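The values are calculated or read from the model by the stated rules, or taken from the named source; none is laboratory data. Being a predicted model, the structure only gives us computed values, none of them experimental. Neighbour counts run over all protein chains shown; Cβ positions are idealised from the backbone, glycine included.
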Amino acid sequence: MPYAQSGKVRLYYEETGAGFPILFVHEYGSDYREWETQVRYFSRRYRCVTFNARGYPPSDVPQTNADYGYEFARDDAVAVLNHLGIRHAYIVGLSQGAYATLQFGLRYPEMARALVVAGVGSGSPRALRDEFVKNTLANAEAFLTQGSAAVAETMANSPTRIQLKAKNPRGYEEFLAHLREHSNTGMALVGRNYQAKRPSLEDFGPALGQMTMPVLLACGDEDEPCIETNLWLKRVIPTAGLWMVPRTGHAINLEEPAAFNDELSKFFAAVENGEWRGR
């Protein structure tokens, strides 16, 4: 199996295709396999790289709280690129992976040609912060006490994910099967130390306002916890465009893979042609 080293942690990765690189960064409830539709499509023209975050086998699952957090997620993405000798790439993230993608753009702007930030923002609005942290910690504890197989059923039937079940039953069952396989310890530690402890994106407002790279925001109009933050990001980031996807929940790339791939294709083309300009 191919691994990239990030400090003492090994990260499993896959790469497919040739051309300008795209790094895909997965969300909390999924892993590298949920980017399969994108890899099959974009590897015709681009070098596609997917990887599993720390805590998600076959990547390593560190056993201590201190080995998890949003800074690790950001720097693990850099470690994968460095391992592959990639100095400049498109960074595409969903949810937890989208948070890491924004942090990547803030900390390592010279390595990102453009960012795709999909389904970001849960827990960022001040009024929802305490409830988000409480629910996240409870969910993390459930992974330890009940196990991934049981928690997967609850997560997959949440208000922002049930749309996938209605639109794509086969894709939903595949997502659910993958989620059941996740490490109980890994999911608990990621939830406790990354999800619950990451700062609100609003804390980074001044820095986000200085971004110069192209940014595509993507949000489902039924992904209620993320809508407010995406509107805020659109106002704050001078190079951001917002694609609001109708009748869609959290996992945009799984619910609407053809539309997602098409929108990213148009975005990449605009970037490559010098047509994506800031306000």
Expected output for region 41-62 (first residue over 21 Å from Pro21 (Cα atoms), partner of a type in the set (Val, Ile, Thr) and part of a loop (DSSP other than H, G, I, E, B), Cβ below 8 Å, 6+ apart or cross-chain) is Arg54/Val61; Gly55/Val61
Does Gly93 satisfy the condition of being over 15 Å from Ser6 (Cα atoms) and small (Gly, Ala, Ser)? yes
Pairs returned, first residue in region 98-109 that is more than 15 Å from Gly123 (Cα to Cα), second residue that is among the small types (Gly, Ala, Ser) and in a helix (DSSP H, G or I), beta-carbon separation under 8 angstrom, 6 or more apart or interchain, are Thr101/Ala77; Gln103/Ala73; Phe104/Ala77; Leu106/Ala207
So, first residue farther than 24 Å from Asp31 by Cβ in region 254-279, second residue surrounded by 14 or more Cβ atoms within 10 Å (Cβ to Cβ) and hydroxyl-bearing (Ser, Thr, Tyr), Cβ within less than 6 Å, six or more apart or across chains; the pairs are Gly278/Thr239
When restricted to Ala207, Ala150, the only residue surrounded by fewer than 16 Cβ atoms within 10 Å (Cβ to Cβ), farther than 25 Å from Tyr32 by Cβ and over 18 Å from the mean Cα position of the chain (by Cα) is Ala207
In region 227-248, residues that are of a type in the set (A, V, I, L, M, F, W, C) and in a loop (DSSP other than H, G, I, E, B) total 1
Checked pairs for region 135-146, first under 11 Å from Ala196 (Cβ atoms), second buried (at least 16 other Cβ atoms within 10 Å of the Cβ) and modelled with pLDDT of 95 or more, C-beta under 6 Å and 6 or more apart or across chains, list as Thr136/Gly191; Thr136/Gln195; Thr136/Ala196; Leu137/Ala196; Asn139/Gly191; Ala140/Ala188; Ala140/Gly191; Ala140/Arg192
One residue is enough: does region 75-90 have a residue meeting the conditions of a type outside the set (Val, Ile, Thr), under 19 Å from the mean Cα position of the chain (by Cα), on the phi > 0 side of the Ramachandran plot and crowded, with 24+ Cβ neighbours inside 10 Å? no
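Do we find a residue being hydroxyl-bearing (Ser, Thr, Tyr) and in contact with an Asp or Glu (Cβ under 7 Å, 6 or more places away or on another chain) anywhere in region 191-205? Please lay out each step first, then the result.
Residues of region 191-205 that are hydroxyl-bearing (Ser, Thr, Tyr), as a first pass: 194, 200.
Cutting the leftovers down to in contact with an Asp or Glu (Cβ under 7 Å, 6 or more places away or on another chain) gives us none.
Taking every residue of region 191-205 in turn, none turns out to be hydroxyl-bearing (Ser, Thr, Tyr) and in contact with an Asp or Glu (Cβ under 7 Å, 6 or more places away or on another chain).
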Those helices (runs of 4 or more DSSP H) completely within region 162-221 that have 3 or more residues that are of a type in the set (Val, Ile, Thr), at pLDDT 95 or above and closer than 30 Å to Gly241 by Cβ are none
| message | Here is a check on your reading of the model: is Val120 under 18 Å from Tyr32 (Cα atoms), in contact with a Cys (Cβ under 9 Å, 6 or more places away or on another chain) and buried (at least 20 other Cβ atoms within 10 Å of the Cβ)? | response | yes
Met155 fails exactly one of (1) part of a helix (DSSP H, G or I); (2) modelled with pLDDT of 95 or more; (3) within 24 Å of Leu102 (Cβ to Cβ), namely (2)
Being among the small types (Gly, Ala, Ser), in contact with a Pro (Cβ under 9 Å, 6 or more places away or on another chain) and more than 24 Å from Arg45 (Cα to Cα) narrows Gly123, Gly119 down to just Gly123
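Go through the residues of region 123-130 one by one and say whether even a single one is buried (at least 22 other Cβ atoms within 10 Å of the Cβ) and either farther than 17 Å from Ala196 by Cα or of a type in the set (Lys, Arg) (or both). Step through it out loud before you land on a result.
Taking region 123-130 first, the residues buried (at least 22 other Cβ atoms within 10 Å of the Cβ) are 123-124.
Among the residues that remain, those that are also either farther than 17 Å from Ala196 by Cα or of a type in the set (Lys, Arg) (or both) are: none.
The answer is no; no qualifying residue exists.
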Of Tyr108, Tyr99, Tyr13, Tyr41, the only residue that is hydroxyl-bearing (Ser, Thr, Tyr), more than 19 Å from Glu263 (Cβ to Cβ) and surrounded by fewer than 20 Cβ atoms within 10 Å (Cβ to Cβ) is Tyr108
Regarding region 205-223, can at least one residue be identified that is touching a helix residue (DSSP H, G or I) at 6+ places or on another chain (Cβ under 6 Å), under 22 Å from Ala66 (Cα atoms) and free of Cβ contacts under 8 Å to residues at least 60 places away in the same chain? no
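Within region 22-34, can one find any residue that is in contact with a Lys or Arg (Cβ under 8 Å, 6 or more places away or on another chain) and aromatic (Phe, Trp, Tyr)? Please lay out each step first, then the result.
Here is the first cut: in region 22-34, the ones in contact with a Lys or Arg (Cβ under 8 Å, 6 or more places away or on another chain) are 22, 29.
Pick out the ones that are also aromatic (Phe, Trp, Tyr) and you get none.
No.
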